[in-house]
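Q: Have a look at this one.
The values are calculated or read from the model by the stated rules, or taken from the named source; none is laboratory data. These numbers were taken from a predicted model, which means no experiment stands behind them. Note that each Cβ is placed from the backbone with ideal geometry, even for glycine, and that neighbours are counted across all protein chains shown. Note: areas computed on protein heavy atoms with side chains; ligands, DNA, RNA excluded. Shrake-Rupley method; radii C 1.70, N 1.55, O 1.52, S 1.80 Å.
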Amino acid sequence: MSLSDPLGDMLTRIRNAQRARHAACVAPASKLRASVLEALKREGYIRGFSVEEIRKGISQIRIELKYTDGDPVIKEIHRVSRPGRRVYSKIKELPRVYAGLGVSILSTPRGVLSDAEARAANVGGEVLCRVF
């Protein structure tokens, strides 16, 4: 099965798993997905993740979801830059998500960073997703 938007697929799997109150979910592995999950882990939106090899050359990522008092930590997660419409932003023009309560994940020349990390490094890039 071919996916036109693998990152969007992973975000949808996370969204659906949290709505169903699952403790974890799985998605096919890639370097971009692992980088985005690392940024989400640094920001405290997921408990953690691990890469598991199913068979030679085929891996999957197991994402451990985070809840507080039975409510999911991630209220909203959606893709901003899609394959049909790429969205790039200078760091000065990057809007704050819910007045700073949420996070934008950016793909920058210095790697995948949250909006706060990108502002500290003073680099812009492609806005991959927004999380609240």
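Q: Please state which of the following conditions ASP115 fails to meet, knowing it meets all the rest: (1) of a type outside the set (Gly, Ala, Ser); (2) surrounded by 13 or more Cβ atoms within 10 Å (Cβ to Cβ); (3) within 20 Å of ASP9 (Cα to Cα).
A: The failed condition is (3).
Q: Let me ask another. Please work out which one of (1) of a type in the set (A, V, I, L, M, F, W, C); (2) open to solvent by 60 Å² or more (accessible area, probe 1.4 Å); (3) touching a helix residue (DSSP H, G or I) at 6+ places or on another chain (Cβ under 7 Å) is the condition LEU94 fails and give its number.
A: Looking at each condition in turn, LEU94 falls short on (2).
Q: So, GLU76, is that one at pLDDT 95 or above and more than 19 Å from VAL103 (Cα to Cα) or not?
A: Working: at pLDDT 95 or above: yes; more than 19 Å from VAL103 (Cα to Cα): no.
Considered against the rule, which asks whether it is at pLDDT 95 or above and more than 19 Å from VAL103 (Cα to Cα), GLU76 comes out as no.
Q: Name, by its number, the condition in (1) closer than 16 Å to ARG33 by Cβ; (2) open to solvent by 20 Å² or more (accessible area, probe 1.4 Å); (3) touching a Ser or Thr at 6+ places or on another chain (Cβ under 6 Å) that does not hold for LEU128.
A: (2)
Q: Looking at the stretch 5-106, what strands (runs of 3 or more DSSP E) fall wholly within it and have at least 2 residues that are within 27 Å of VAL123 (Cα to Cα), touching a residue at least 12 places away in the same chain (Cβ under 8 Å) and not aliphatic (A, V, I, L, M)? Don't jump to the end; show me each part of the working.
A: Numbers: elements: 24-28, 46-55, 58-65, 77-79.
Those strands (runs of 3 or more DSSP E) span 46-55, 77-79.
Q: Given (1) at pLDDT below 95; (2) surrounded by 11 or more Cβ atoms within 10 Å (Cβ to Cβ), where does LEU106 come up short, assuming only one miss?
A: (1)
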